[in-house]
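*Asks:* The structure follows.
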Amino acid sequence: MSRKTEELLAMLIWTGDILSRPTWRNFTDSFESWAYRNGLSRQLQRLEKQDWLERREGPAAERLLRLTEAGRQRALGGHDPVVRWNRPWDGRWRMVLFDVPESHNAVRDSLRRSLRDRGFGYLQNSVWITPDPLESERVRMEGASIDIASLTMFEGRPCGGERDEDIVAGAWDFDAINARYRAHEKVLASRPQGRLNTEKAAGVFHRWIGEEQRAWLQAVRHDPLLPACLLPRDYAGRKAWDQRLETMSEAGEQMRQFRFVRETTILHTAS
């Protein structure tokens, strides 16, 4: 996904209600209109083609652009973190074990990337673990000829006295995860203050939205978003989410007060 497309998704999230499906209403006389006129129209069309955005035409006062649920999930980094944290856990661990020969390095690396991108942790490079059922993996492999010596899936409980918190600590690097959330916190704290009443101020604010979105995605895409009962005590993700919501509310008010486009249009019309 291009940087401009990411910025547009962020704009929709920050100007709407992140807890539902954000909208752009009244596509005139606003910060959104300024951003649209500054090069985001192609990105809007691209989002519509990918079914991440839906449009309702009508008079200017009733015009509506809204993220689809798929678009909202994409803007949040692929998952709604609150939904992921609140999901129940049945107490069973699932493991994917594989032994791909060195002569197939590309296949082995691709498998590792795929598991990592889907939130699996690894106890060893060829032993990957998740608290979630492996239904998608079963469907993906259904009908395929699987060599049990190369790829095996298990689920169950450890029987050697291992605690769940020890398994979590061994499978995921939460020091690195927390560091990314702290980096995001610094970006949140750098939000431009004051009214957006000049072209320069609007540009600075727009760039900050893009920086915040990239920092958030960098953090959340490396986070397995484990069920709450498995999260380490010093986990920084939920605090980061709460801070993001609070900052969004304040930033949204700044954008709703933006009037530079309208004032400029009036001046040009009068002249």
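No value in this document is a laboratory result; all are computed from the given coordinates. What you see is a predicted model, and the numbers here were worked out from it, not measured in a lab. Backbone-built Cβ (ideal geometry, glycine too); neighbour counts: all protein chains shown.
*Asks:* Could you check the spin-label model distance between residue 118 and residue 163? Points 7 Å from the Cα along Cα→Cβ, value in nm.
*Replies:* Taking the two extended label points, one gets 3.0 nm.
*Asks:* Can I ask one more? Mean shadow of region 180-236, computed from the convex hull of its alpha carbons, in nm²?
*Replies:* Details: hull surface 18.6 nm².
Average projection, Cα convex hull of region 180-236: 4.6 nm².
*Asks:* Compute the FRET efficiency between residue 253 and residue 87 as 1/(1 + (r/R0)^6), taking r as their Cβ-Cβ distance and R0 = 45 Å, and round to the nearest 0.05.
*Replies:* Details: r = 32 Å, r/R0 = 0.72.
About 0.90, to the nearest 0.05.
*Asks:* Multiply the residue separation of residue 197 and residue 99 by 0.36 nm, subtract the distance between their alpha-carbon atoms, and state the gained length in nm to one decimal.
*Replies:* On the way: separation 98, 0.36 × 98 = 35.28 nm, distance 6.03 nm.
My answer for the length gained is 29.3 nm.
*Asks:* Here is a further query. How would you rank 11, 95, going from fewest to most other Cβ atoms within 10 Å of each one's own Cβ?
*Replies:* Working: 11 24, 95 16.
The order, fewest Cβ neighbours first, is 95, 11.
*Asks:* When the chain is fully extended, how far beyond the present Cα-Cα distance does residue 211 get from residue 152, taking 0.36 nm per residue of separation? Could you put the intermediate results ahead of the total?
*Replies:* On the way: separation 59, 0.36 × 59 = 21.24 nm, distance 4.11 nm.
So the chain would gain 17.1 nm between residue 211 and residue 152.
*Asks:* I've got another one for you. What list of ³J(HN,Hα) values in whole Hz, one per residue of region 49-55 in order, does the Karplus curve 6.51 cos²θ - 1.76 cosθ + 1.60 (θ = phi - 60°) give from phi, with Gly and Pro shown as x?
*Replies:* 5, 8, 6, 9, 9, 10, 10
*Asks:* Report the extension gain between residue 80 and residue 230 in nm, rounded to one decimal, defined as 0.36 nm multiplied by the number of residues separating them, less their alpha carbon distance. Kindly include the intermediate steps, with their values, before the conclusion.
*Replies:* Values: separation 150, 0.36 × 150 = 54.00 nm, distance 1.74 nm.
Difference between extended and current length: 52.3 nm.
*Asks:* Starting from the 7 Å offset along Cα-to-Cβ, what nm value, one decimal, do you get for the label separation of residue 221 and residue 3?
*Replies:* 1.4 nm
*Asks:* From the backbone phi of region 245-251, what are the Karplus-calculated ³J(HN,Hα) couplings (6.51 cos²θ - 1.76 cosθ + 1.60, θ = phi - 60°) in whole Hz, Gly and Pro given as x?
*Replies:* The phi angles translate into 4, 5, 5, 4, 4, 5, 5 Hz.
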